[in-house]
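Trainee: The structure that follows is given in the form of structure tokens.
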Amino acid sequence: MYICNMSHSHKFKPESLMMSYGFKPALSEGAIKSPIFQTSTFVFKSAEDGKAFFEVAYGLREKRKGEKLGLIYSRINNPDLEILENRLTLWDEAEDAAVFESGMAAISTVFLEFLKPGDLLLFSTPLYGGTDHFIHDFLHKIGVHTVAFKPGQNEATIRKIIEDTGKGDKLAMIFIETPANPTSALIDISLCKKIADDYSKENKVMVAVDNTYMGPLWQHPLKHGADFSLYSATKYIGGHSDVIAGACCGSKEVITRVKTLRTFLGNMAAPHTGWLLMRSLETLKVRMEQQALNGEKVAEFLNAHPKVEKVYYLGLIPEGTEEYAIYKKQYNSPGAMVSFDVKGGEEQAFRLLNSLKLIKLAVSLGGTESLAEHPATMTHAGVDPHHREEMHITEKLIRLSIGVENFNDIIWDLEQALQHV
């Protein structure tokens, strides 16, 4: 975004634009921050305006050049959501964005818009438990075929997985979560894009990336060929564990389709949710940078501890490996998610979790406070046990979301808890 005057132009960074981009104080009594537009409907200046707004909103015609559209109804559009969506496009350098009442609402809406009965969905494992359940339960119910691949599998192997289904000509979408939750395994987005392009015939094969683990700062899937960058905005975007929301970024073309279905499903974010997320975006960069610094210190501590068997953290990927090459290409930071195997099993893991004093025992991630959970019996409890084992989601695995506390205090808490193991 360029801010210009007669003498110069300057391109501001997203973290600077988060304070004001897309909002005109003059339209809101000079308020420095956007008010909460807590209204269900909006008044038209004329019947002709109302007609024009609905023609475009319902896809009866394209927007004319220079035409300015107004507000209709908060299920269709609302100032808080429009300003928020404008700001969300900046981090991913997307053409458009859509916000939802949850991350699962964003993911399920993309699935429902771009998949139909008979289509094939290729997806990576492991996935967030909610997404995994939606794929295996709901999509199967409506006749969508699905097949999984694993991190580390090469192009030839992935193509064979597709061909072995006998439905390669029906491939409609590749859905990936990278880094994977909770093992931080990496998947090459550009490789998925290459495969998608090769299978695109009459219809384009879409590539969708759940970018929740990295937030808008540390990975930008659209730059690597993805069509969608999806978020549980509850996590880093919200960042304060006080709001449930989702977001989807992409081209104008695909987001228009997503927003049209959102209008009829009615799963858009509420005005207050939009306002809370706007507030959170102002501090997103400083929060995430502190969390990344803390994550690095915590991972170093755990990696050297005798009661810790293995640490899953991007900053510890061995140089010279294929995974390291993906990491250097795709990521700006190792992030703030740290998982580790404690020596022993569920009993030892539970002892550690029950001994924590500063770190809270709770699911979710990306908030200002540090959280710990046990994926095998909590977030990934619904995943088939055999698949959990294959994906290294074992009884000894603990997942940490690192907050903004003093890292010495986080380490002290883990150290004293490990003494109970």
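The values are calculated or read from the model by the stated rules, or taken from the named source; none is laboratory data. Source: prediction; values computed, not measured. Note: ideal-geometry Cβ built from the backbone for every residue, glycine included; neighbour counts use all protein chains shown.
Trainee: Report, by residue number, each residue of the range 114-134 that is at pLDDT below 95, touching a helix residue (DSSP H, G or I) at 6+ places or on another chain (Cβ under 7 Å) and outside any loop (DSSP other than H, G, I, E, B).
Mentor: Initially, the range 114-134 is screened for residues at pLDDT below 95, giving 125-133.
In the following step, the residues that additionally are touching a helix residue (DSSP H, G or I) at 6+ places or on another chain (Cβ under 7 Å) were identified as 125, 130-131.
Result: 130, 131.
Trainee: Can you tell me which residue is surrounded by the most Cβ atoms within 10 Å (Cβ to Cβ) among those in the range 54-95 that are more than 23 Å from the chain's Cα centre (by Cα) and of a type in the set (Asp, Glu)?
Mentor: 55
Trainee: Criterion first (out of contact with any strand residue (DSSP E or B) (no Cβ under 7 Å at 6 or more places or on another chain) and within 25 Å of residue 390 (Cα to Cα)) does residue 143 satisfy it?
Mentor: no
Trainee: Considering only residues that are hydrophobic (A, V, I, L, M, F, W, C) and more than 15 Å from residue 180 (Cα to Cα), look in the range 316-354 and name the one that is surrounded by the fewest Cβ atoms within 10 Å (Cβ to Cβ). Steps first, answer last, please.
Mentor: First pass over the range 316-354, keeping only residues hydrophobic (A, V, I, L, M, F, W, C): 316-317, 325-326, 336-338, 340, 342, 349-350, 352-353.
From what's left, more than 15 Å from residue 180 (Cα to Cα): 316, 325, 342, 349-350, 352-353.
Numbers: 316: 16, 325: 14, 342: 25, 349: 25, 350: 19, 352: 23, 353: 18.
Among them, the one singled out is 325.
Trainee: Looking at the range 235-249, can you tell me whether even one residue there is touching a helix residue (DSSP H, G or I) at 6+ places or on another chain (Cβ under 7 Å), assigned to a helix (DSSP H, G or I) and among the aromatic types (Phe, Trp, Tyr)?
Mentor: No, that holds for no residue.
Trainee: Go through (1) of a type in the set (D, E, K, R); (2) assigned to a helix (DSSP H, G or I); (3) under 22 Å from residue 261 (Cα atoms); (4) touching a helix residue (DSSP H, G or I) at 6+ places or on another chain (Cβ under 9 Å) and name the single condition residue 137 misses.
Mentor: (4)
Trainee: Can you say whether residue 98 is touching a helix residue (DSSP H, G or I) at 6+ places or on another chain (Cβ under 8 Å), in the same structural domain as residue 243 (by TED's automatic domain parsing), touching a residue at least 24 places away in the same chain (Cβ under 8 Å) and part of a loop (DSSP other than H, G, I, E, B), as far as the supplied structure shows? If you could, list the steps in order and put the result at the bottom.
Mentor: Values: touching a helix residue (DSSP H, G or I) at 6+ places or on another chain (Cβ under 8 Å): yes; in the same structural domain as residue 243 (by TED's automatic domain parsing): yes; touching a residue at least 24 places away in the same chain (Cβ under 8 Å): yes; part of a loop (DSSP other than H, G, I, E, B): no.
Criteria not met by residue 98.
Trainee: Has the range 209-217 got at least one residue that is in a strand (DSSP E or B), outside the structural domain of residue 293 (by TED's automatic domain parsing), without any contact (Cβ under 8 Å) to a residue 60 or more places away in the chain and touching a strand residue (DSSP E or B) at 6+ places or on another chain (Cβ under 7 Å)? Reasoning before the result, please.
Mentor: First, pick out the residues of the range 209-217 that are in a strand (DSSP E or B): 209-210.
Those left that are additionally outside the structural domain of residue 293 (by TED's automatic domain parsing): 209-210.
Those still in the list that are without any contact (Cβ under 8 Å) to a residue 60 or more places away in the chain too: 209.
If we keep only those that are touching a strand residue (DSSP E or B) at 6+ places or on another chain (Cβ under 7 Å) too, we end up with 209.
Taking every residue of the range 209-217 in turn, at least one turns out to be in a strand (DSSP E or B), outside the structural domain of residue 293 (by TED's automatic domain parsing), without any contact (Cβ under 8 Å) to a residue 60 or more places away in the chain and touching a strand residue (DSSP E or B) at 6+ places or on another chain (Cβ under 7 Å).
Trainee: While we're looking at this one, here's another question. Select from the range 171-190 the residues that are at pLDDT 95 or above, crowded, with 17+ Cβ neighbours inside 10 Å and not in a strand (DSSP E or B) and list them in ascending order.
Mentor: Residues of the range 171-190 that are at pLDDT 95 or above, as a first pass: 171-179, 186-190.
Within this subset, residues satisfying the condition of being crowded, with 17+ Cβ neighbours inside 10 Å are 171-179, 186-189.
Of everything in the range 171-190, those that are at pLDDT 95 or above, crowded, with 17+ Cβ neighbours inside 10 Å and not in a strand (DSSP E or B) turn out to be 178, 179, 186, 187, 188, 189.
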